[in-house]
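Visitor: Have a look at the structure that comes next, please.
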Amino acid sequence: MSKTLRLILGDQLNSKHSWFTKTDSSVTYLMMEVRQETDYVRHHIQKVVAFFLAMRTFADQLKKEGHQVLYFNLNDPENKQDFDKQISLLVEKENYTRFEYQHPDEYRLDQQLKNLGQALSIETQAVDSEHFLTSREFLKDFFKGKKTYLMETFYREMRKKYDILMEGKEPLTGQWNYDHDNRQALKDKKLLKKPLIHPKNVQEIVQMIEKSGVRTMGKLDEVNFPWPVSREESLELLDHFCEKLLPNFGAYQDALTTWDPYLFHSRLSFSMNSKLVSPLEVVKKVEEYWQDHQNQISIAQVEGFIRQIIGWREYMRGIYWAKMPEFAEMNFFDHDRKLPEWFWTGKTKMNCLKESIGQSLDLAYAHHIQRLMVTGNFALLAGIHPDEVDQWYLGIYIDAIEWVEITNTRGMSQFADGGIVGTKPYVSSANYIKKQGNYCDHCAYDSKEKVGEKACPFNSLYWHFYARNREKLEKNPRIGMMYRTWDKMGNKQEILDQAEAYLANIEDL
Ligand SMILES: Cc1cc2nc3c(=O)[nH]c(=O)nc-3n(C[C@H](O)[C@H](O)[C@H](O)COP(=O)(O)OP(=O)(O)OC[C@H]3O[C@@H](n4cnc5c(N)ncnc54)[C@H](O)[C@@H]3O)c2cc1C
Ligand code: SF4
């Protein structure tokens, strides 16, 4: 008699997958909470809770629909804590005749399951996860023969392919990109909306994680865990986004402020990355909502949001599969410094970092510009080793899964790939941070000063970064201007000395 074992990983909670269209008594679905996954990096406690809770909810739902599910809690005595061991044992003991899994999104797991498939004595098949808009290889093939990958070219192709914000072959309203309208600082507190949370008591699951000895970081409110962990909750969050946040999403997507951690961001990344909802249904819903509310919502807001999902998100996935495993080793600037201890506590005098890190530890969340232009910017200017930076980002955020974390961190934020993801490093002095909001108003440092006791570290470190990497960056046509400005500056040595002094005392900044 044929017996199939199908593995569902923690980020494969796609109830619309064709696997689930009918029940089949010869199929058993296997889901496991394993130390292999809790321990490969030190995760935020909210991230571990969110994944386990979402997995349990998903398993319950499958059971209700009549599917057979074998679920191992982390503290189950039968749990081998490792996919290879558990699956090999099950196949042997329960006489399965076939093993199936969905393509994992992580290179590490992809290799592991491929090897496992070869080692098992039964037939093994890997199927698509039916989540993304493109296949793993699409981007690589799309840019075949081209020297550089360009997000904008890829994004336009996605718009055309899926007929999103299009009028025939042309972009709706004749414009592809509204980025220049979307860079405002938030001046009016009254525009802010209360976030939609889905409060849950998670005491039991937290106790289990702690008792098992899993090392985590960050805080959580055990009786009001706020993240959506089911498809229903995720769809509610999407509705909330459309009604309350979309009207201002684009305009303030780059704003930095102490007023609110979420601003007009959707908080949908966990729901999408765990596949509770699909990127296409999110963008279709947003487009549809905008079509019906054009008098209240400008196209710039909608285009800004859609670009993040069918552009950046999908593009990052393509880069990941085109460039792994080499990508994970890249260190273009040969940076080698350790991440300061205050990245784990938020205890720094630099207010922008204190706010962004503090919020990340409290909520397992920071929005894109906090990640890119505050924490990432500092790490790059200070010359932190990309491995250190990756470990931090991979652990701390609720949505951190390697395919989208590493491409954003090592690629976009640290330019450790030498220009695969972006055409130039995203670095700035205090000027940008000040322009985008109110962090500098409450800081021990002076955003206008480059040298002196109170000078903002970003200012001298910014020029130090350019000066020390001149050979690697000067020929970049988008950067040449910076060196002409630097060469004309009068107090170069003073600025470099200031930066050196800050780097020597990085733990005390
Ligand atoms: C250094 C760094 C590390 C990051 N690490 C991660 C990560 O581990 N996981 C992750 O999902 N995102 C990551 N991002 C991208 C982005 O910051 C988050 O997706 C976003 O902040 C999630 O919050 P949100 O759902 O409220 O996003 P919104 O601002 O509401 O955006 C909507 C959606 O667009 C997608 N998106 C936006 N920007 C990007 C991007 N650059 N790459 C991929 N998708 C994007 C996300 O799915 C997001 O949910 C990182 C960015 C940087 C600069
Ligand atoms: S002054 Fe400098 S360190 Fe302080 S908040 Fe502004 S940019 Fe950050």
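Visitor: Per residue, how big is the convex hull around the C-alpha atoms of the chain? Give it to me in cubic angstrom, could you? Display every interim value, and only then the final one.
Guide: Numbers: hull volume 81.6 nm³, N = 509.
Taking the convex hull of the Cα positions in the chain, it is 160 Å³ per residue.
Visitor: Taking the Cα centroid of region 348-390 and of region 278-320, what is the distance between the two, rounded to the nearest whole Å?
Guide: Comparing the Cα centres of region 348-390 and region 278-320, I get a distance of 26 Å.
Visitor: Going by C-beta contacts inside 10 Å, put Phe72, Phe241 in order with the fewest on the left. Could you put the intermediate results ahead of the total?
Guide: Values: Phe72 17, Phe241 23.
Final ranking by Cβ density, sparse to dense: Phe72, Phe241.
Visitor: Next question. Need the list of lysines near Lys219 for cross-linking: C-alpha distance under 19 angstrom, and skip anything on the same chain fewer than eight residues off.
Guide: Lys47, Lys200, Lys211, Lys347, Lys354
Visitor: Also: Testing the spin-label approximation: label points 7 Å from Cα along Cα→Cβ at Lys285 and Thr97. State their distance in nm.
Guide: 4.1 nm
Visitor: Round to a whole angstrom and tell me the spacing of the C-alpha centers of region 222-248 and region 99-123.
Guide: 33 Å
Visitor: Show me 360-367, 479-486 ranked by packing, highest mean number of other Cβ atoms within 10 Å first.
Guide: Values: 360-367: 22.5, 479-486: 13.0.
Ranked by mean Cβ neighbours within 10 Å, highest first: 360-367, 479-486.
Visitor: So what does log10 I(q)/I(0) come out to for region 378-443 at q = 0.15, 0.17, 0.22 Å⁻¹, using the Debye formula with one equal point on every Cα and no solvent?
Guide: With one equal scatterer per Cα and no solvent, log10 I(q)/I(0) is -0.55, -0.69, -0.96.
Visitor: Considering the dipole of region 314-406 built from charges on the beta carbon (Lys and Arg +1, Asp and Glu -1) around the Cα centre, which of Leu361, Tyr315, His335 is farthest to its positive end?
Guide: Projecting each Cα onto the dipole axis, the largest value belongs to Leu361.
Visitor: Multiply the residue separation of Lys187 and Glu204 by 0.36 nm, subtract the distance between their alpha-carbon atoms, and state the gained length in nm to one decimal. The partial results should precede the final answer.
Guide: Details: separation 17, 0.36 × 17 = 6.12 nm, distance 4.20 nm.
This chain segment gains 1.9 nm when fully extended.
Visitor: Something else: Using mean Cβ contacts within 10 Å as the protection proxy, how do 398-405, 456-463, 180-187, 27-34 order, highest first?
Guide: Working: 398-405: 22.1, 456-463: 25.8, 180-187: 14.9, 27-34: 20.5.
In descending order of packing, they fall as 456-463, 398-405, 27-34, 180-187.
Visitor: While we're looking at this one, here's another question. Once every DSSP H run of n ≥ 4 in the chain is given -39500 (n - 2.57) and the sum is divided by its residues, what mean residue ellipticity at 222 nm do you get, rounded to the nearest 500 deg cm²/dmol?
Guide: Values: 22 runs with 204 residues, N = 509.
Only helices count here, giving -11500 deg cm²/dmol.
Visitor: Using per-residue counts of other Cβ atoms within 10 Å, averaged over each peptide, order 305-315, 169-179 from highest down.
Guide: Details: 305-315: 22.8, 169-179: 13.5.
So the peptides 305-315, 169-179, ranked by packing, come out 305-315, 169-179.
Visitor: Something else now. Could you give the dipole magnitude of region 257-405 about its Cα centre, charging the beta-carbon of Lys and Arg +1 and that of Asp and Glu -1, in debye to the nearest 20?
Guide: Charge dipole, region 257-405, about its Cα centre: 260 debye, nearest 20.
Visitor: Cut-off is 10 Å between beta-carbons; in what order do Ser129, Ser271 appear when sorted fewest neighbours first? Walk me through the intermediate numbers first.
Guide: On the way: Ser129 18, Ser271 27.
Result, fewest neighbours first: Ser129, Ser271.
Visitor: Determine the dipole magnitude for region 47-194: charges of +1 sit on the beta-carbon of Lys and Arg, -1 on that of Asp and Glu, nothing else is charged, the reference point is the Cα centre, and the result goes in debye to the nearest 20.
Guide: Details: 26 positive and 25 negative charges, 174 e Å.
Dipole size: approximately 840 debye.
Visitor: Same structure, new question: Of Phe142, Phe327, how do they rank once you tally other Cβ atoms within 10 Å and put the fewest first?
Guide: On the way: Phe142 15, Phe327 21.
The order, fewest Cβ neighbours first, is Phe142, Phe327.
Visitor: Where does region 427-497 land on the Kirkwood hydrodynamic radius, alpha-carbon pairs, in angstrom?
Guide: 12.9 Å
Visitor: Using +1 at the Cβ of each Lys and Arg and -1 at the Cβ of each Asp and Glu in region 155-254, identify which of Met166, Leu238, Trp176 lies farthest towards the dipole's positive end.
Guide: Trp176
Visitor: If I take R0 = 35 Å and measure r between the Cβ atoms of Lys424 and Leu70 in this structure, what FRET efficiency does the formula 1/(1 + (r/R0)^6) give, to the nearest 0.05?
Guide: Numbers: r = 50 Å, r/R0 = 1.42.
The value I calculate is 0.10.
Visitor: Compute, for the chain, the length of the dipole vector about the Cα centre, with Cβ point charges of +1 (Lys, Arg) and -1 (Asp, Glu) only. Units Debye, rounded to 20. Numbers along the way, then the final one.
Guide: Values: 67 positive and 73 negative charges, 200 e Å.
Using only the charged Cβ atoms, the result is roughly 960 debye.
All of the numbers you see were taken from the coordinates with simple rules; none came from a lab. Note that the structure is predicted; figures quoted are calculated from it, not measured. Glycine gets a Cβ as well: all are built from the backbone with ideal geometry, and neighbour counts include every protein chain shown.
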